[in-house]
Amino acid sequence: MTSVVVVGSINLDVITRCERFPDPGETLAGIDVHFGPGGKGANQARAASMAGAEVSFIGAVGDDAAATTAGTALRDAGVTTHLATVSGPTGVAAITVDGSGENMIVVVPGANAELALSPADRNLIAASDVLLLQLEIPPPVVLDAARTARAAGTVVVLNPSPVREVPDELWSLIDAAVVNETEEAALTEVLARVPTVVTTLGSRGARMRWASGSMQVDGQTVDVVDTTGAGDAFTGTLAANWHLSAAQRLTLANTAGARATTTMGA
């Protein structure tokens, strides 16, 4: 069993559904509203656990009711949590989903912006097989975690989302990057320095490239309800199966990402 440590964001998601997105200044009647756990880090941790990995999550929550909701969802999924509690709100994502399953998201980081690694956190990272990172937490924390993993020989997988400025050193510390096509286009130069790059292609599947070659798997036909969290399901499953061949891990991740679109929420 692969041991995965995720250092990342944890949120409460507020998801509203409507037939179409409103125009600027327009008010629309929605269909329904759903409250659930979210945050790219937490989503990926749950996905990795569901894929069979032994998963630990390092993150920060606020001193509010949302912290209980978010933390319980992780533990219910079999994830061991290492959550710092800070004064203020837990992170929140306001998500609107239209009739086709496409989404628009506004994230308020809240406690995620206060995350810092403890010595115990670093020991946990050093003892793991895979470290999984995203960019919804402060870049210095991402760099700290990646340095710790690299020194210990832990595989470092980065999902550089949302795209933002990070220390240049970070790109020399990661073994694999997982991006969508928009992120790939924005990060072309730095991704050239990454040994393995995995790109999700939406309904067209996913591709992986490395120094000696590349491969692609086709998309799967599903009834799309909500695309929120599909990339996170893909990334968490990929990390959980890092011990398998490139073809196996890409196929399993592609399947998980497709299935994630058939239900509401991350």
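The values are calculated or read from the model by the stated rules, or taken from the named source; none is laboratory data. As the structure is a computational prediction, the values presented were derived from the model and not from experiment. No Cβ is skipped: glycine too gets one built from the backbone with ideal geometry, and neighbour counts run over all protein chains shown. These accessible areas exclude ligands, DNA and RNA; they are computed on the full protein's heavy atoms, side chains included. Shrake-Rupley method; radii C 1.70, N 1.55, O 1.52, S 1.80 Å.
In table form, for the structure just shown:
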read-out: Vicinal HN-Hα couplings computed from phi for segment 160-168 (Karplus, 6.51 cos²θ - 1.76 cosθ + 1.60; Hz; Gly/Pro x); value: x, 9, x, 5, 7, 5, 9, x, 4
read-out: Efficiency of FRET from Cβ geometry, A120 and L143, R₀ 25 Å, rounded to 0.05; value: 0.85
read-out: Debye equation applied to the C-alpha atoms of segment 75-165, log10 I(q)/I(0) at 0.16, 0.21, 0.23 Å⁻¹; value: -0.80, -1.18, -1.28
read-out: Chain lengthening between L244 and D98 when straightened (0.36 nm per residue, less Cα-Cα); value: 48.9 nm
read-out: Global geometry of segment 45-114, whether rounded, prolate or oblate, following the gyration tensor of its Cα atoms and the 1.5 cut on a/c; value: oblate
read-out: Sites excluded, trypsin sites (Lys or Arg not before Pro) in DSSP loops with at most 16 other C-beta within 10 Å, longest stretch of the chain; value: 21-163
read-out: Point-charge dipole on Cβ atoms (K/R +1, D/E -1) for the chain, about Cα centre, debye to 20; value: 760 debye
read-out: Length released on extending from T68 to R209, taking residue separation times 0.36 nm less the Cα-Cα span; value: 46.8 nm
read-out: Cβ-Cβ FRET estimate between D218 and T188, R0 fixed at 22 Å, reported to 0.05; value: 0.35
read-out: Antiparallel content of DSSP bridges confined to the chain, in %, to 5; value: 40 percent
read-out: Positive-pole candidate from Q216, G30, T81, dipole of the chain, charges at beta carbon; value: Q216
read-out: Sequence of S245, S128, S203 from largest to smallest accessible area, 1.4 Å probe; value: S203, S245, S128
read-out: At q = 0.09, 0.10 Å⁻¹, base-10 log of I(q)/I(0) for segment 1-136 (Debye sum, equal scatterers on each alpha carbon); value: -0.29, -0.36
read-out: By accessible area with a 1.4 Å probe, ligands and nucleic acids excluded, highest first: order of E102, E184, E165, E19; value: E165, E19, E102, E184
read-out: Radius of gyration and Dmax over the Cα atoms of segment 112-213, both given in Å; value: 13.7, 42
read-out: Cα gyration tensor category, rounded, prolate or oblate, for the chain with a/c compared to 1.5; value: oblate
read-out: Helical mean residue ellipticity (222 nm; -39500 (n - 2.57) per DSSP H run of 4+; nearest 500) of the chain; value: -9000 deg cm²/dmol
read-out: Amide H contacts of Q134 (H built 1.01 Å from N, under 5 Å, at least 5 apart or other chain); value: N159
read-out: Point-to-point label distance, T80-E26, nm (Cα→Cβ direction, 7 Å offset); value: 5.1 nm
read-out: Sequence of W171, W242, W210 from largest to smallest accessible area, 1.4 Å probe; value: W210, W242, W171
read-out: DSSP beta bridges in segment 51-136 [antiparallel fraction, %, rounded to 5]; value: 50 percent
read-out: Top of A77, A240, A53 by mean-square fluctuation, Gaussian network on the chain, Cα under 10 Å; value: A77
